[in-house]
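The values are calculated or read from the model by the stated rules, or taken from the named source; none is laboratory data. Only a predicted model underlies this, so the values are computations on that prediction, with no experimental measurement involved. As a convention, Cβ positions derive from the backbone with ideal geometry for all residues, glycine included, and neighbour counts pool all protein chains shown. Heads up: the accessible areas ignore ligands, DNA and RNA and are worked out on the full protein's heavy atoms, side chains in. Shrake-Rupley method; radii C 1.70, N 1.55, O 1.52, S 1.80 Å.
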Amino acid sequence: GLRRKRAVLAVLLHFLETYKGLLQEEESAGKVIKELYLLIMKDSSLYHELEDEILKLHQLVETVELKVADETPPPNKQVKPLFRHFRRIDSCLQTRVAFRGSDEIFCRVYMPDHSYVTIRSRLSASVQDILASVTEKLQYSEEQSAREDALILVTMASSGEKAVLQPSEECVFTTLGINSHLFACTRDTFDSLVPLPEEIQVVPGDTEIHRAEPEEIANHLTAFHWELFRCIHELEFVDYVFHGERGRRETANLELLLQRCSEVQHWVGTELLLCESLGKRAHLLKKLIKIAAICKQNQDMLSFYAIVIGLNNAAISRLRLTWEKLPGKFKNLFRKFENLTDPCRNHKTYREVLAKMKPPLIPFVPLILKDLTFLHEGSKTLLDGLVNVEKLHCIAEKVRTIRKYRSRPLCLELEASPSQLQTKAYVRQLRVIDNQNLLFELSYKLEPGSQ
């Protein structure tokens with residue numbers, strides 16, 4: 001009996017140690033832990049040998065319970081600006097910290113005439129809560145908001161694609177695309193909504209990438225992506241895959257990294273297509289391949305993959321004159337990179353390279369999610385009313401690899417000179433065109449006859 005109780009306590013302590021930060025977000029979870037704790041305390045007088053474990057359990061439960069009881073935020077709680085909506089240099093240069101659903105943020109919600117209101121909201125707020133804040137800002141009367149002309153919340157991409165969000169949806173902020181925005185409008189004005197003007201000036205001109213050395217840009221990419229990767233709790237990967245059954249909860253940091261991966265892909269195309277000079281464009285193409293090579297050397301496979309995918313964008317790969325001016329050495333190098341990212345045989349080449357790397361390293365996170373999704377959808381969680389332990393073991397093993405990748409700290413020597421800070425700010429605030437139609441327009445303008 002003592003051995004079994006010690007085993008149960010060990011599992012509970014490990015669970016609390018691992019997930020206490022997330023348990024603090026949910027009152028119901030705190031109640032379950034409290035019930036288990038009370039049951040264990042009933043037996044504590046009978047098992048003095050478990051005194052150390054019970055004391056540790058008491059300390060952990062106290063931490064969770066204190067959070068549950070404290071429903072009012074501390075007076076000096078920081079309100080974080082929503083990603084990309086406020087591009088402040090001082091904010092982007094700070095080390096990234098993990099987002100939680102209870103965090104309060106500032107965000108902009110636009111109107112059909114492109115004016116906007118700035119609201120303060122929880123990151124996990126529902127569409128209904130967001131609309132209530134917008135309605136209050138606009139001073140809608142209760143009668144007006146109850147009629148058919150009540151506001152609806154819409155996501156609008158830079159391409160013009162739009163979708164109406166349902167009132168019960170939560171955590172909508174982290175599902176926005178790179179240049180997507182939230183619009184509040186009535187159903188009558190939905191069809192008239194148009195995207196905001198492009199946030200990036202489509203005019204020729206040199207950006208920071210032309211000045212900085214490839215090593216500087218690659219190292220700052222790796223450092224930033226390591227910060228983002230470190231912010232993701234292991235449970236976010238499971239929640240992201242199981243969201244159909246459980247409802248997506250604490251996946252804000254994972255969503256942010258996935259958005260960043262897409263952002264880097266579009267950054268590659270944006271920089272190349274805004275470079276009008278053929279010679280400079282070929283030189284920039286060479287520099288981007290160098291940056292990918294250094295990212296691979298840094299074991300930042302996320303940046304490496306994103307750059308290679310960006311260079312394979314159809315609007316870039318059709319630039320025949322630009323690719324012809326690339327030195328043969330770099331053509332061969334890029335072909336090797338393409339082979340490494342080839343999805344054939346379930347990304348066999350990439351997996352073999354990754355298996356030889358030692359931590360710290362940043363994997364290509366979308367592939368981890370693909371593997372977890374395959375494990376989840378390939379077999380049922382419950383079989384004849386029993387838990388499919390084998391399936392859960394496979395998922396746990398995949399999640400453990402993420403822990404291994406982050407088991408050692410990343411050490412990159414980055415100077416704090418003004419030029420380095422300028423490069424750091426540039427890398428962390430990439431301005432990109434994510435409208436594929438616009439990218440093709442720029443591509444055909446540069447090289448009309450290329451195939």
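Considering the range 255-350, the qualifying helices (runs of 4 or more DSSP H), each wholly inside and each with 1 or more residues that are outside the structural domain of residue 170 (by the TED database) and in contact (Cβ under 8 Å) with a residue 60 or more places away in the chain, run over 278-297, 301-311, 314-317, 320-324. The single condition from (1) surrounded by 15 or more Cβ atoms within 10 Å (Cβ to Cβ); (2) in a loop (DSSP other than H, G, I, E, B) that residue 380 fails is (1). Among residues of the range 388-407 that are touching a residue at least 24 places away in the same chain (Cβ under 8 Å), those with a Cβ under 9 angstrom from a residue that is open to solvent by 100 Å² or more (accessible area, probe 1.4 Å) and among the charged types (D, E, K, R), sequence gap 6+ or separate chain, pair up as 406/230. Within the range 407-448, the set of residues being open to solvent by 40 Å² or more (accessible area, probe 1.4 Å) and touching a Pro at 6+ places or on another chain (Cβ under 9 Å) comprises 407, 408, 409, 410, 411.
For the range 388-404, filtering for residues that are open to solvent by less than 90 Å² (accessible area, probe 1.4 Å) and either over 18 Å from residue 239 (Cβ atoms) or basic (Lys, Arg) (or both) leaves 4.
Taking strands (runs of 3 or more DSSP E) as the structural unit, those lying wholly within the range 106-203 and holding at least 1 residues that are in contact with a Lys or Arg (Cβ under 8 Å, 6 or more places away or on another chain), at pLDDT 85 or above and among the hydrophobic types (A, V, I, L, M, F, W, C) correspond to 116-122, 152-156, 181-185. Can you find even one residue in the range 395-415 that is assigned to a helix (DSSP H, G or I), in the same structural domain as residue 355 (by the TED database) and within 30 Å of residue 206 (Cβ to Cβ)? No.
Pairing residues of the range 220-239 that are free of Cβ contacts under 8 Å to residues at least 24 places away in the same chain with residues that are surrounded by fewer than 18 Cβ atoms within 10 Å (Cβ to Cβ), at Cβ distances under 8 Å and at least 6 apart in sequence or on separate chains, gives 239/246. The set of residues from the range 323-356 being touching a helix residue (DSSP H, G or I) at 6+ places or on another chain (Cβ under 8 Å) and open to solvent by 30 Å² or more (accessible area, probe 1.4 Å) comprises 323, 325, 327, 331, 333, 338, 339, 342, 349, 353.
Sub-7 Å Cβ pairs linking a first residue in the range 357-381 that is under 18 Å from residue 307 (Cβ atoms) to a second residue that is open to solvent by 20 Å² or more (accessible area, probe 1.4 Å) and of a type in the set (Ser, Thr, Tyr), at least 6 apart or interchain, are 361/405; 363/405, ordered by first then second residue. Kindly indicate whether any position in the range 188-196 is closer than 28 Å to residue 423 by Cα and surrounded by fewer than 17 Cβ atoms within 10 Å (Cβ to Cβ). Within the range 188-196, one or more residues are closer than 28 Å to residue 423 by Cα and surrounded by fewer than 17 Cβ atoms within 10 Å (Cβ to Cβ).
The combined condition, being among the charged types (D, E, K, R), open to solvent by less than 60 Å² (accessible area, probe 1.4 Å) and within 23 Å of the chain's Cα centre (by Cα), is not fulfilled by residue 318.
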